[in-house]
Amino acid sequence: MTKTKTNPGNYFEDFKVGQIIRHATPRTLTVGDAALYMGLYGPRFAVQSSDAFAHAIGYPQAPLDDLLVFHTVFGKTVPDVSLNAIANLGYADCRFEKPVYPGTTISTVSEVIGLKENSNGKTGTVYVRSTGSDENGDTVLSYTRWVMVRKKDESAPAPEAVVPELPDCVKPDALGAAVPSLDLSRYDGSLSGSPHRWGDYELGERIDHVDGMTVEEAEHQIATRLYQNTAKVHFNQHTEGQGRFGRRLIYGGVVISLARALSFNGLGNAFHLAAINAGRHIAPLFAGDTVYAWSEILEKAEIAGRSDIGALRTRLVAVKNRACSDFPFKAEGDGYADGVILELDVWLIIPR
Amino acid sequence: MTKTKTNPGNYFEDFKVGQIIRHATPRTLTVGDAALYMGLYGPRFAVQSSDAFAHAIGYPQAPLDDLLVFHTVFGKTVPDVSLNAIANLGYADCRFEKPVYPGTTISTVSEVIGLKENSNGKTGTVYVRSTGSDENGDTVLSYTRWVMVRKKDESAPAPEAVVPELPDCVKPDALGAAVPSLDLSRYDGSLSGSPHRWGDYELGERIDHVDGMTVEEAEHQIATRLYQNTAKVHFNQHTEGQGRFGRRLIYGGVVISLARALSFNGLGNAFHLAAINAGRHIAPLFAGDTVYAWSEILEKAEIAGRSDIGALRTRLVAVKNRACSDFPFKAEGDGYADGVILELDVWLIIPR
Amino acid sequence: MTKTKTNPGNYFEDFKVGQIIRHATPRTLTVGDAALYMGLYGPRFAVQSSDAFAHAIGYPQAPLDDLLVFHTVFGKTVPDVSLNAIANLGYADCRFEKPVYPGTTISTVSEVIGLKENSNGKTGTVYVRSTGSDENGDTVLSYTRWVMVRKKDESAPAPEAVVPELPDCVKPDALGAAVPSLDLSRYDGSLSGSPHRWGDYELGERIDHVDGMTVEEAEHQIATRLYQNTAKVHFNQHTEGQGRFGRRLIYGGVVISLARALSFNGLGNAFHLAAINAGRHIAPLFAGDTVYAWSEILEKAEIAGRSDIGALRTRLVAVKNRACSDFPFKAEGDGYADGVILELDVWLIIPR
């Protein structure tokens, strides 16, 4: 006798607008995860690297990397939201609201906020608002993402189309909740690795982050398992070898983390990722590829009530197998330049 | 002048029944090891993943993965027991007796409980009972394994054959010592990732764990070093490239951990491995291979005095480069089906 | 508009004798780093592996591996000292002065102590004395290294040549500051894995460490990022594929750590690396290569005021793709034998 107790994931027709999904598995993040995160990407921001540095400026201790928290929250949603997804279409309105320290347990709840079947009748777009909380129930981050999901039964009726209105950009005054009031007299620019603060960056300024990082299969697999992200395409060469690309696909979050770590070179004091306004994975990354990145300053904002920090809105572009001294981005027409794999519109916090 | 202070390992004629071996190196397991374990295999059981979840149901904090403890205990025995082994023949009567938390120091002692020279006069089987203890001297797990070991001097006389009697199966009432009394009212099936409890599984039920995981050289080397397992075949391409397989052999414990982690998909609440009744590695695993797994429910048992938990005896089968929807196991005759690499008869603990 | 805020590194003409460089990024080392260090190299010294063992003999808890501290301190210096280096020429007078426990924050300051332009007018040698300190400002280790660095502007005038006098060897009485007074009655040779103490080693004794370890790209990249070492040659296949070797070069510190970990087999009680008297990387290591090692006892020294420990001065030689049973070192003439990649003259501390 054979019965199935395994998770088939949800198909497009399984989602309803207003549905609340409490995701497995709650996850306690520790200094062990922080060390592995450093080994996998090599970030060098002083606040997250050093308890002593963080404590001197006003944190109780070094917080975890914002993206380690993001990937953990995201990973929880995969078995319920995107196991049957064809494509991760975008992110919006992602806000980091509370610093996360080692020992914190993160769990995630998602609400279905939009549904729109595609005209082919085979797939549809699912919009979810996912919220990561700590063991006290406080929100540490929330974001909207939308994915294209298969229908299981193509004859299932299309739901009423609901497409949520999404802000182009998080409002500056919503930023900074995850940063305590800083004592800038103790913010040491030699230790942080950069003399440049909020006032030193200019609108339209573009920064080539110079360095490139090649990704190995073992690295992205270890990273993605660390987040308990179960998307099959990242781990199974036996099936992916027969698939569209002939190889395992690297989790897009690995690209985001590498680009963010590389951005230290030029944005060394922009230690906190406060918001992701919009994000899009342009092309896949595979093991053996080398990731480069560059940033453009899109906007500068003061934050009400905060004279210690300011916000820089940047476009972080990741590129593969191509240096960024010429800032590759859009191509002629409306496509992207060759090699571009990620466009991420973010708010960064930097001392004033 | 040259002298040798290096460990030559023990040969068959070096073992005596009744001999006690205190193994090096005691090892403190930490949240760092837990993070690496998660990154290497991707387990998702809520109890081991979350301090908050574990605490809610009655643990002081999240215990370490049972198999991380097993591999650590096993690793200690390698330099003394199996450095000159040709094959790891089997495991029996392995019982997990105390939960292990980060910060615990594990050390291992083995007793030689059986010896039997093979008729070829070149090798023999050594049976050892190995016991892992914490820094208080409490047993955390014990198990019997037997290995085929080379003789150094083929003219050494054969010892009297002693073959220990081994139980086919750990008795159910010996199970559960490593699980505190659980408050099931706080066991949250959404967070644990499965609604299925002890009563929902049926004898003979077979569960395809669906997902496959490809293993890289870096991953199994990092894992095996983490356990301070020094078996040469796992690490040295220079010699193994000239050897029987032409490549490094992956430590069998990596297969066990992967199969166990994959089994979350279908056995998500069976969070504790309480015993290994018997285990056998059928075929070697190499880097680049993809591991799948399936389970069959062999027995269900109540545990005396425990209304909170029950035991499921399962056969966990790991298979390489072949999906398990047809539950590959035995072949015609008495061999195993193509692709089968591990058969493990275990007791799992699951809430009632 | 484009401006550069990225770190161009220093060129030969940027260095001045007497210059003090405070390096970014301070780094808190944790049990997470310790676990990753163990997974990457597999050291088995009981003192660093076990809180219980360390505590029994007089440490408050297990200290971090000395080389994890070394690589962390070294890593800090790379962006300022060797980003434009052609070669890492040597190390001298490296002393480990204080045990480092998980939770310690390490920062590094370097002083330029020598400069000598090469006769080609294109490069020069820079000598720096680098000091790693903890969050209390106590020195944990200091060392001198010298590197060959490019000039940016070949017409820049040569500085007055200053070549520091470097000791051939750290004096024995400077050793042992990082080891508390040990209670040897509780030093358990079964747990430590070796019965051999200071008195058991003889001058001129050579020890083949027997085992070989193959290195993968993912492993050395994870290691080198863990130390926040940003040298480009270790990470970027896109550029290195076009470079001198056609591939990524492994950070020399990986070789040192592997050789040191392998040396456990024969020097199991020599648990503390107290000093590096001199060190030289002879040839590059690449992924796929297998590292072997052997040691020779060059000197034995008592340490004033310490009846618990003695010092062994050893030459640790690492070799690739060649076993060390014939102790490969120098070749006919003044070169090195085929396969030799590292010569390291060190002081080890071992119980008496």
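The values are calculated or read from the model by the stated rules, or taken from the named source; none is laboratory data. Predicted, not measured: the structure shown is a model, and the values here were computed from it. Every residue, glycine among them, receives a Cβ derived from its backbone with ideal geometry; neighbour counts consider all protein chains shown. Accessible surface areas use protein heavy atoms only, side chains included; no ligands, DNA or RNA. Shrake-Rupley method; radii C 1.70, N 1.55, O 1.52, S 1.80 Å.
Which one of these is modelled with pLDDT of 95 or more, within 25 Å of A:GLY279 (Cβ to Cβ) and surrounded by fewer than 21 Cβ atoms within 10 Å (Cβ to Cβ): A:GLU13, A:GLU97? From the options A:GLU13, A:GLU97, the qualifying one is A:GLU97. Scanning segment A:144-154 for residues being within 11 Å of A:VAL112 (Cα to Cα) and open to solvent by 30 Å² or more (accessible area, probe 1.4 Å) gives a total of 1. When C:ALA311, C:ALA323 are checked against the criterion of being in contact (Cβ under 8 Å) with a residue 60 or more places away in the chain, out of contact with any Cys (no Cβ under 9 Å at 6 or more places or on another chain) and open to solvent by less than 40 Å² (accessible area, probe 1.4 Å), a single residue qualifies: C:ALA311. Look at (1) touching a helix residue (DSSP H, G or I) at 6+ places or on another chain (Cβ under 6 Å); (2) among the small types (Gly, Ala, Ser); (3) more than 14 Å from every other protein chain (Cβ to nearest Cβ) and you find that C:SER181 fails only one, number (1).
Candidates in segment A:305-349 are the residues that are assigned to a strand (DSSP E or B) and of a type in the set (Lys, Arg); of these, the one that is nearest to C:GLN242 (Cα to Cα) is A:LYS320.
Could you list, in sequence order, all residues of segment A:304-348 that are within 13 Å of another protein chain (Cβ to nearest Cβ) and among the basic types (Lys, Arg)? Hits for segment A:304-348 are A:LYS320, A:ARG322.
Taking the stated definitions as given, is A:LEU249 in contact with a Phe, Trp or Tyr (Cβ under 8 Å, 6 or more places away or on another chain), assigned to a loop (DSSP other than H, G, I, E, B) and more than 14 Å from chain C (Cβ to nearest Cβ)? Write out each step before concluding.
Values: in contact with a Phe, Trp or Tyr (Cβ under 8 Å, 6 or more places away or on another chain): yes; assigned to a loop (DSSP other than H, G, I, E, B): yes; more than 14 Å from chain C (Cβ to nearest Cβ): yes.
Yes; evaluated as a whole, the condition is true for this residue.
Summed over segment B:184-220, residues that are touching an Asp or Glu at 6+ places or on another chain (Cβ under 6 Å) and at the interface with chain A (Cβ under 7 Å from one of its Cβ atoms) total 3.
Against the conditions (1) within 22 Å of A:TYR292 (Cβ to Cβ); (2) touching a strand residue (DSSP E or B) at 6+ places or on another chain (Cβ under 9 Å); (3) facing another protein chain (nearest Cβ under 7 Å), A:ARG225 satisfies every one except (1).
The residues on offer are C:LYS116, C:LYS76, C:LYS122, and the sole one that is closer than 19 Å to C:TYR227 by Cα and among the basic types (Lys, Arg) is C:LYS76.
Taking (1) more than 7 Å from every other protein chain (Cβ to nearest Cβ); (2) open to solvent by 10 Å² or more (accessible area, probe 1.4 Å); (3) at negative phi; (4) not hydroxyl-bearing (Ser, Thr, Tyr) in turn, A:GLY18 satisfies each apart from (3).
The helices (runs of 4 or more DSSP H) found entirely in segment A:182-244 that carry 1 or more residues being touching a residue at least 40 places away in the same chain (Cβ under 8 Å) are A:189-192, A:217-226.
Within segment C:331-344, identify whether any single residue is within 29 Å of C:PRO180 (Cβ to Cβ), within 22 Å of the chain's Cα centre (by Cα) and open to solvent by less than 10 Å² (accessible area, probe 1.4 Å), and answer yes or no. Give the steps one after another, and end with the answer.
Step one: filter segment C:331-344 for residues within 29 Å of C:PRO180 (Cβ to Cβ), giving C:344.
The next check asks that each one be within 22 Å of the chain's Cα centre (by Cα); those that pass are C:344.
Now narrow it down to the ones that are open to solvent by less than 10 Å² (accessible area, probe 1.4 Å): C:344.
Yes, there is a match, as at least one residue in segment C:331-344 is within 29 Å of C:PRO180 (Cβ to Cβ), within 22 Å of the chain's Cα centre (by Cα) and open to solvent by less than 10 Å² (accessible area, probe 1.4 Å).
Residue check: is C:VAL179 within 26 Å of C:ILE349 (Cα to Cα) and touching a His at 6+ places or on another chain (Cβ under 8 Å)? Yes, satisfied. For C:LEU83, the criteria (1) modelled with pLDDT of 95 or more; (2) touching a Pro at 6+ places or on another chain (Cβ under 9 Å) hold in every case but one, which is (1).
The residues listed here are B:ALA223, B:ALA218; of these, the one that is out of contact with any Leu (no Cβ under 7 Å at 6 or more places or on another chain), modelled with pLDDT of 95 or more, among the aliphatic types (A, V, I, L, M) and under 27 Å from C:ALA35 (Cα atoms) is B:ALA218. Being more than 9 Å from chain C (Cβ to nearest Cβ) and either open to solvent by less than 20 Å² (accessible area, probe 1.4 Å) or out of contact with any Leu (no Cβ under 9 Å at 6 or more places or on another chain) (or both) is a description that applies to A:ASN84.
List the strands (runs of 3 or more DSSP E) inside segment A:1-120, counting only whole elements, that have at least 3 residues being in contact (Cβ under 8 Å) with a residue 24 or more places away in the chain and under 21 Å from the mean Cα position of the chain (by Cα). Talk me through it step by step, then tell me what you get.
Values: elements: A:20-22, A:85-96, A:105-117.
By residue number, A:85-96, A:105-117.
With respect to the conditions (1) touching a Lys or Arg at 6+ places or on another chain (Cβ under 7 Å); (2) open to solvent by 40 Å² or more (accessible area, probe 1.4 Å); (3) hydroxyl-bearing (Ser, Thr, Tyr), C:THR4 lacks only one, and its number is (1). If the condition is being over 18 Å from the mean Cα position of the chain (by Cα) and among the small types (Gly, Ala, Ser), then segment C:214-267 contributes C:ALA218, C:GLY241, C:GLY243, C:GLY246, C:GLY266.
Under the condition of being open to solvent by less than 10 Å² (accessible area, probe 1.4 Å) and basic (Lys, Arg), the residues counted in segment A:218-247 number 1.
When you scan segment C:275-288, do you find a residue that is over 23 Å from C:VAL78 (Cβ atoms) and open to solvent by less than 20 Å² (accessible area, probe 1.4 Å), even just one?
Of all residues in segment C:275-288, those over 23 Å from C:VAL78 (Cβ atoms) come to C:288.
Filter once more, keeping what is open to solvent by less than 20 Å² (accessible area, probe 1.4 Å): none.
Taking every residue of segment C:275-288 in turn, none turns out to be over 23 Å from C:VAL78 (Cβ atoms) and open to solvent by less than 20 Å² (accessible area, probe 1.4 Å).
Residue count for segment A:126-143, restricted to those that are within 18 Å of A:THR30 (Cα to Cα) and either crowded, with 23+ Cβ neighbours inside 10 Å or among the aromatic types (Phe, Trp, Tyr) (or both): 3. Here B:ASP308 passes the criteria (1) within 18 Å of B:PHE70 (Cα to Cα); (2) touching a Pro at 6+ places or on another chain (Cβ under 8 Å) except the one numbered (1).
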